[in-house]
Structures are given as C-alpha cells and as structure tokens.
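Asks: Dropping a structure here in structure tokens format, bear with me for questions.
The values are calculated or read from the model by the stated rules, or taken from the named source; none is laboratory data. Computed from a predicted model, the values in this text were never measured in an experiment. In this analysis, Cβ positions are derived from the backbone assuming ideal geometry, glycine residues included, and neighbour counts consider all displayed protein chains. Just so you know, the surface numbers come from the protein's heavy atoms only, side chains and all, with ligands and any DNA or RNA stripped out. Shrake-Rupley method; radii C 1.70, N 1.55, O 1.52, S 1.80 Å.
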Amino acid sequence: MSSHESNYSPTGPVERWVDERLPLVRFAKEHLMDFPTPKNLNYWWTFGAILAIMLVVQIVTGIVLAMHYTPHIDLAFDSVEHIRRDVNGGRIIQATHAVGASMFFVALYIHIFRGLYFGSYKAPREILWMLGVIIFILVMAIAFMGYVLPWGQMSFWGATVITNIFSAVPVAGEPLLQLLRGGFAVDNPTLNRFFSLHYLLPFVVAAVVVLHIWALHVPGNNNPIGVDVKSSRDTVPFHPYYTMKDLFAIVVFFIPFAWFVFFAPDILGHPDNYIQANAQITPAHIVPEWYLLPFYTILRAIDFNVLFIDSRLGGVIAMAGSLVILFFLPWLDRSRVRSGTFRPMFKIFYWLFVVNFLVLTYLGAQPAEGIYVLLAKISTAYYFAYFLIILPLLSRIETPRPLPASISESVLGKAH
Amino acid sequence: MATQSDTANTHTPKASRRDFLYVATGAVGAVGVAGAVWPLINQMNPDASVLALAQVDFDVSSIAEGSSVTIIWRGLPVFVRHRTAAEIEEARAVPLSELKDPESDDQRVKEGHEQWLIMIANCTHLGCVPVGESGNYDGWFCPCHGSHYDTAGRIRQGPAPTNLVVPEYEFLSDTMVRIG
Ligand code: HEM
Ligand code: FES
C-alpha cells in the first residue's frame, strides 16, 4: 500500500522542470488527493482533519493575540482585558482562542477514544499511536501554560499547584522547582517563560503532526471493521471523497464552536480567572480547565503513603503513569482483532472505561471530601485495571465474532 | 578504504589509535555541547534580582492576639500568627506519636516567643494557601485537596506530606523579626 504509484503527470515544461528538482506537487497529489483510503470510514474518522484545522485556528489566533498581549505580572491581566475591549475584533479573536482550546480537546478526546475502540493502536500502527500520545501530552502542556497567561487567580494557582508537582521528585525536587519557576514562587520570570514556551510548542506539535501523518501513510488508515485493505476495490481516493466528508464535518464542528464564541465565550472558563492573580489568597475551590480534570482526579486520588513513597509523590507517579501507560497499550492488548465491533466482551469493558473516564472528569471538579474521595480511588483503579489487567486478559479468553472477508464485502453486505 | 586488513585485525596499533581518536573526538564534542547547553538551562534559575529579596524585616506589634497576617518573603506568602494561650496549650498536648511528621511545638517556635508562629503559607502538598482557624484541628485547612493542619501548623490529615515549613528567622527585638 505504501508503495502505490502517484498518477501525477506534469503538464507542460515548467511543471516538469519543477517536478524533476523538487517533486512537491507530486508529493501533495500522492498524499492529499490520490491516497487510497478505505471506503468504509465513518464520521469518527473526520476528527483528524478537525484537529488539523483546530491547530491552525489556535496558531493563527495566537499569533494575533501575541501582537497585543504583554507578558508581565503587572500588565498581563489588563492586556487581555484590553484585547477584549479595545482591540478591533479582539473580543472575537480572544474568545476564539480561549474557546478553541476547549474545542481542540473535545476533538482530541473523540479522536483518542475512536482509536481505543477500533484498535487503531495495534500493529502496524504502534508508532502512529505513540506519536499521537506525544501530541496529546504536548497540547496539555500548551493549554496549561496558555491558561497562565491572562494572570488571573486560576492562572496563578493552577501554575503554583502544577509546578509544585515537580517538587515531589526525590532529592532534586526543590532545585528543579526553582529552575522551572525562575524563583521561589510563581512570579514574573515564570510568566515570561510560559509565554515563550506557549508560543513555541504549538509549532513543535505541528512538526509531530507531520510525523504522525507520515506514520499513517505507511500502513494506511485503519477502518471500522479493522480488516486490512486487500485490493483497490476496498479503497477510494482521498480526494474528493474524504476531503468533502472532512470539510462537511469541520463545518458541523464549527457550529457549536461559533455558538460558544459568539454567545457564551466565558462559560467554559472559571469566574475566578477574572480576578487578578493574588499570591496571598487561594480561591476556595481551585479547579483546572475541564480537559485536565480526569488526570487531576488521579493526582488527588493517592492521599496515602505506599511504603517509602509519600502521598504526594504517589499522586504524581499515578498521574504520570496514567499517560505513560498509553505508550504501552499496543503491547498490552494482544487481541488479533482490531475493531471492538467484533469483540463482545471488550465492548462492555470499553464502554465502562468511557463512563469511568467521564466520572474521573466529574470528580476532578468536586471538592476532595466525603464520598468523592472514595469514588476517585475506585475510578482511578479502574482506569489502570483496564490497561493492565482487563485488556491483557481479554486477549486470552475472549472469542471474537467472525470477521468479514474484506472491506468491500462488509460494505456491500450492509447495503443489501 | 585500504584498511580492510587493518580493521580485520583489531590488534594492530593503527586500528586502536584510530578508535581512540574516534572516541576522544566524540567525548570532547559531547563535553563541548554539554558546556554550551548548561548556561542555556541555568539562565532559568532564580536570577540576581530574585535572590536579592532574600530578607524582610517585619514589626509584629500590631498583630492582636488570636489574629494573623500574611506577608510576602521571596515572593512566597508567610503567615505570622499571634497564637492564643489555648492554641499553644492544644498544640503542646498532642503526643508526638500521633503526628505524620513528628515535631514538637517547641521546635516550631522561638524560645521566649512561643506566641508567634511564623510559617511559609504554602500547603506542603501542592502549594495552595490554607485557610486559617479552620479544619478539624483548629489550625489551618487547605481547600485545594483537603489537608488539615493543627495550631502549630503540623499536618494532621490529608495528602500533604509534611508540616508547614518554618522559614529561617530571628527576633531582632521583642517585636521585630527578620525573616531569611
Ligand atoms: C495547540 C495550540 C494552542 C492551545 C491549545 C492554546 C491554548 C490557550 C489557552 C487555554 C489560553 C488561555 C485563554 C484564556 O483563558 O483567556 C491561551 C492564551 C494565549 N495564547 Fe494560546 N494556545 C495555543 C496556541 C497558541 C499560539 C501558537 C500562540 C502564538 C503566540 C498563542 C498565544 C496566546 C496568547 C498571547 C494568549 C494570552 C491571551 C489570552 O488569554 O487569550 N497560543 N492559549
Ligand atoms: S495543595 Fe493543599 S491539599 Fe493540595
């Protein structure tokens, strides 16, 4: 599949001259237009394109915001208000960027859970999956640092709590914390470096996205039945079939996006972030942005010491582990069948995992007291058990349903 | 390319000298790169202007018994609490064996100034500022993840691993403290 021929033939001497020196047009035609794509992809497969567009939206609005934003503790808060009130169109541009971050995560989570259900992480797509995990972690770091920039109360205390996580590192913790913050507390040097990195990292993400797509175009797409492409009857060219489908999905995705931007730009944020940062008072109830909540719950769930590991370090290990474990997923789920559609037992545990993830999200926004503490421990345990116990076990004991012989057979079978 | 026989026989002095040069060049290169990278990382450490704020003097005479103030030292909030006799009593009555991070009340205050409790106001869990006169132990309660501290600022319950940190300080007179 990877070695399919491009059917680009340069027309005219200029195109031929360019093609012999830098076959950029040939490359684009091969990968963006002619690329053979399984003909049974459903709408869950449009989120990759949605993510690509969202990255462009964040970069473009971000660069524009940076023309008006001032990364200094005395001025940052006011400069964001200045963008919202004084800059021409600034209210919409700032809202697009802030809401865009949330929409980015909506698309990311759907994209990831799509992969989890259809076994897209399995051979030969392990590297593709791992690059995706790297992008996920980078985008979380970017969004976290972006949220610090307006220098509100949540910005400040979020930054304090999250950088403090590093102080849990044995021995080197305190020096490491000071290195990160550039001081003994989160302060102007911290804000400056976060701005610098918030500007840089999206471009690093863009580079990893290129690798991600490269790794996709070697084996080609997975598909809803998880059966490999067997002949050209199973595929259609990417353009116009999927360019149009993706475009349609992007338009639909932009409807709720636009609704938030125009009618409720602040609804996803936290009111405390419209109070300027104050190093002496912590808001009564600090919460990260919604998209970081599941991992925040896991961090808090470990409130007990385990042997020589104290509760704080334990929480940090659990939170880091919940992300690192994703890298190992291709080797934890040994089932030969990719798609969850044909795995009766997997399906149950998968949907339980989805519900559990929503519970983790919910708990992250609740105070750490009473029943919530216990629930956080249970749902954290299930998160890890899914990867470490359930998936390895299922690959041994589950009998999958018979697979269709090919993609085209399954498509035609459905139509009749 | 004429070294086919040399490389086959690794005992010839020629081959080992070449190996040595190869490794030595690599090692010097690595040291050079590390040397160039270090300042680029070290610039992130606290700078001279941050370090210059290392001491503050503070007059405690205006703090009434039973109340506290929060001052800033090195960018960190610091609690200065004028404890009541009952609070001191309560802290002393706790047996050390009940503590997660055992420290007696004496170890956390200066002799002759037992009513003054001076501590960095960041929860030792992840750094929020706990709320005073609350929690299950009449000291501080951290709303972020639910840590309870007693009237000596010692951790009693919740995820925080250690007691609130007592910074280095001294009483210059009966009412003047120098922190740092
Ligand atoms: C992966 C892409 C990105 C994500 C997920 C992201 C996320 C965020 C978030 C969550 C905020 C806080 C918004 C608020 O609560 O008000 C923010 C602010 C900001 N971002 Fe980004 N960002 C991205 C890319 C960029 C880029 C490429 C730039 C270019 C310089 C940029 C510049 C800024 C600026 C100047 C602010 C402060 C103004 C504001 O608060 O709206 N961002 N970003
Ligand atoms: S920061 Fe105080 S309990 Fe977590």
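Asks: Chains B and A: what accessible area do they bury, summed, in square angstrom to the nearest 100, with a 1.4 Å probe?
Replies: Details: alone 10900 and 21070 Å², together 29570 Å².
That pair hides around 2400 Å² of surface in total.
Asks: Count charges around residue B:155 for me, please; just the other residues with Cβ under 9 Å from its Cβ, Lys/Arg as +1, Asp/Glu as -1. Please list the in-between numbers first.
Replies: Details: positive: B:100, B:154, B:156; negative: B:101, B:150.
My count for the surroundings of residue B:155 gives +1.
Asks: For the Cα atoms of chain A, what angle does the longest principal axis make with the long axis of helix A:47-66, in degrees from 0 to 90, nearest 10?
Replies: The angle comes out near 40 degrees.
Asks: In addition: Select from segment A:257-294 all residues whose loss of accessible area on going from the chain by itself to the full protein assembly reaches 50 Å² or more (probe 1.4 Å).
Replies: SASA drop of 50 Å² or more in segment A:257-294: A:280, A:282.
Asks: Using 7 Å Cα-to-Cβ label points, what is the residue A:211/residue B:170 separation (nm, one decimal)?
Replies: Label at residue A:211, label at residue B:170, 5.5 nm between them.
Asks: If we count every other residue with Cβ under 9 angstrom of residue B:180's Cβ, Lys/Arg +1 and Asp/Glu -1, where does the sum land?
Replies: Numbers: positive: B:74, B:178; negative: B:168.
For residues surrounding residue B:180, the net value is +1.
Asks: Roughly speaking, what % of Cα-Cα pairs in the protein assembly as shown are separated by over 45 Å, rounded to a whole number?
Replies: Numbers: 58058 of 177310 pairs.
In whole percent, the share of Cα-Cα pairs in the protein assembly as shown beyond 45 Å is 33.
Asks: Using +1 at the C-beta of Lys and Arg and -1 at the C-beta of Asp and Glu, which of B:56, B:131, B:28 has the Cα lying farthest in the positive direction of the dipole of chain B?
Replies: Working it through, the farthest residue towards the positive pole turns out to be B:28.
Asks: Can I ask one more? At 222 nm, what value in deg cm²/dmol follows for the protein assembly as shown if DSSP H runs of at least 4 each add -39500 (n - 2.57) and the sum is divided by all its residues, to the nearest 500? Don't skip to the end; give the middle numbers.
Replies: Numbers: 20 runs with 300 residues, N = 596.
So the helix-based figure for the protein assembly as shown works out to -16500 deg cm²/dmol.
Asks: Modelled label-to-label distance, residue A:354 and residue A:262, 7 Å Cα→beta-carbon offset: nm?
Replies: Placing both labels 7 Å beyond Cα along the Cβ direction yields 3.1 nm.
Asks: Here's a follow-up. Excluding residue A:238 itself, calculate the net charge of residues whose Cβ lies under 12 Å from the Cβ of residue A:238, where each Lys or Arg counts +1 and each Asp or Glu counts -1.
Replies: Details: positive: A:29, A:39, A:245; negative: A:30, A:34, A:246.
Net of charged neighbours comes to 0.
Asks: Using the heavy atoms of the protein chains alone and a 1.4 angstrom probe, what is the accessible area of chain A per residue in square angstrom?
Replies: Numbers: 19880 Å² over 416 residues.
Here the per-residue accessible area is 48 Å².
Asks: Under a crude label model (7 Å from the Cα following the beta-carbon direction), how far is residue A:244 from residue A:317 in nanometres?
Replies: The two pseudo-label positions are separated by 5.6 nm.
Asks: Let me ask something else. Shape call for segment A:138-229 from the C-alpha gyration tensor, a ≥ b ≥ c root eigenvalues: rounded (a/c under 1.5), prolate (a/b greater than b/c) or oblate?
Replies: On the way: a/c = 2.89, a/b = 2.31, b/c = 1.25.
It is prolate, given that a/c is not under 1.5 and a/b is the larger ratio.
Asks: For chain B, report the accessible area per residue in Å² (1.4 Å probe, heavy atoms, rounded to an integer).
Replies: 54
Asks: Whenever you get a sec, compute what percent of the accessible area on chain A sits on carbon and sulfur atoms (1.4 Å probe). Write out the running numbers ahead of the final one.
Replies: Working: 14220 of 19880 Å².
Of the solvent-accessible surface of chain A, carbon and sulfur hold 72 percent.
Asks: Keeping to pairs on different chains or 8 or more places apart, tell me how many lysine pairs in chain A have Cα atoms under 30 Å apart.
Replies: Summing the qualifying lysine pairs gives 21.
Asks: How long are the three semi-axes of the equivalent ellipsoid of segment A:169-279, in whole Å, if each is the root of 5 times an eigenvalue of the C-alpha gyration tensor, listed from largest down? Mind dumping the intermediate values first?
Replies: Details: eigenvalues 366, 124, 31 Å².
Each semi-axis is √(5λ); the values are 43, 25, 12 Å.
Asks: Using the eigenvalues of the Cα gyration tensor, what equivalent ellipsoid semi-axes result for segment A:32-286 when each is taken as the square root of five times the eigenvalue, whole Å, largest first?
Replies: Details: eigenvalues 287, 101, 41 Å².
Taking √(5λ) for each Cα gyration eigenvalue gives 38, 22, 14 Å.
Asks: For segment B:52-179, which whole percent of the accessible surface, found with a 1.4 angstrom probe, sits on carbon and sulfur atoms?
Replies: Values: 2560 of 5350 Å².
C and S atoms contribute 48 percent here.
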